[in-house]
Amino acid sequence: MLATLQPERTALLLIDMQRDFCAPGGYADQAGLDIQRLRAPIAAQQALLAAARASEMLVVHTREGHRPDLSDLPAWKRLRAERSGAPIGVLGPLGRLLVRGEYGHDLIDELQPKTGEPVIDKPGYCAFAATDLELILRTRGIDTLIITGVTTEVCVSSTLRSAIDRGFNCLTVRDACGSAYVDLHEAALAMIAVEGGVFGECCDSAALLKYLQEAA
């Protein structure tokens, strides 16, 4: 896919790089997850973000979270979060957990969006569910997605599968995705390439950066 990638038809997708997942005191930290593992892809993402901006590629950020009144929080998700030890909407060190408008809901300082870069607020795991992401991509003539973010096995995987079903070409960057669970991270990446690339293709950030630099 790298050989045919066209920056003007491609979007870099940064999934859920929020303080609630990647900072002390946020939702993931309260749930007992290893946030250092979730922060591991930041350096690769920063490099990709700079390269994407230099090539004038569309950059899209997503944030998982709910309305302050929690009217968009399904009962099962509420229960699951309670079981994890981090009930959604409860006040934590960074504000109410996974609630829009709170400090913890916002993107980390290292990956703040620039003016004009869409930020998609999503109530679920998939970035296409109950959002205008597909409309934004179609309007811009985007047919290829470079997928990065957290967590590899949940929001990244959910978004990737939905994108494939919608006909997008998808390139998932291994070291630009993160999970608190090494085995689940590796399994989610391994599933992408089966059957000739059932969920698109994978690459490392170094190979993608080299291509973008040479194509500039």
Tabulated pairs, segment 50-68, first farther than 14 Å from Lys114 by Cβ and touching a residue at least 60 places away in the same chain (Cβ under 8 Å), second buried (at least 21 other Cβ atoms within 10 Å of the Cβ) and β-branched (Val, Ile, Thr), C-beta under 7 angstrom, 6+ apart or interchain: Thr62/Ile15
Residue pairs meeting the criteria (Cβ under 9 Å; at least 6 apart or on separate chains; first in contact (Cβ under 8 Å) with a residue 40 or more places away in the chain, in segment 71-98; second part of a strand (DSSP E or B) and surrounded by fewer than 18 Cβ atoms within 10 Å (Cβ to Cβ)): Leu97/Leu91
Residues satisfying the stated conditions in segment 63-94, i.e. in contact with a helix residue (DSSP H, G or I) (Cβ under 6 Å, 6 or more places away or on another chain), more than 30 Å from Ala47 (Cβ to Cβ) and among the small types (Gly, Ala, Ser): Ala86, Gly92
Residue check for Arg78: of a type in the set (D, E, K, R), over 19 Å from Asp16 (Cβ atoms) and outside any strand (DSSP E or B): no
Qualifying residue in segment 114-122 (condition: surrounded by 13 or more Cβ atoms within 10 Å (Cβ to Cβ), basic (Lys, Arg) and out of contact with any strand residue (DSSP E or B) (no Cβ under 6 Å at 6 or more places or on another chain)): no
Ala3, sole failed condition from (1) at pLDDT below 95; (2) closer than 15 Å to Val150 by Cβ; (3) not hydroxyl-bearing (Ser, Thr, Tyr): (2)
Selection status of Leu38, in contact with a helix residue (DSSP H, G or I) (Cβ under 6 Å, 6 or more places away or on another chain), crowded, with 23+ Cβ neighbours inside 10 Å, more than 13 Å from Gly178 (Cα to Cα) and in contact (Cβ under 8 Å) with a residue 12 or more places away in the chain: no
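The values are calculated or read from the model by the stated rules, or taken from the named source; none is laboratory data. What you see is a predicted model; the values in this text were computed from it and never measured. Note that we place each Cβ from the backbone using ideal geometry, even for glycine, and neighbour counts take in every protein chain shown.
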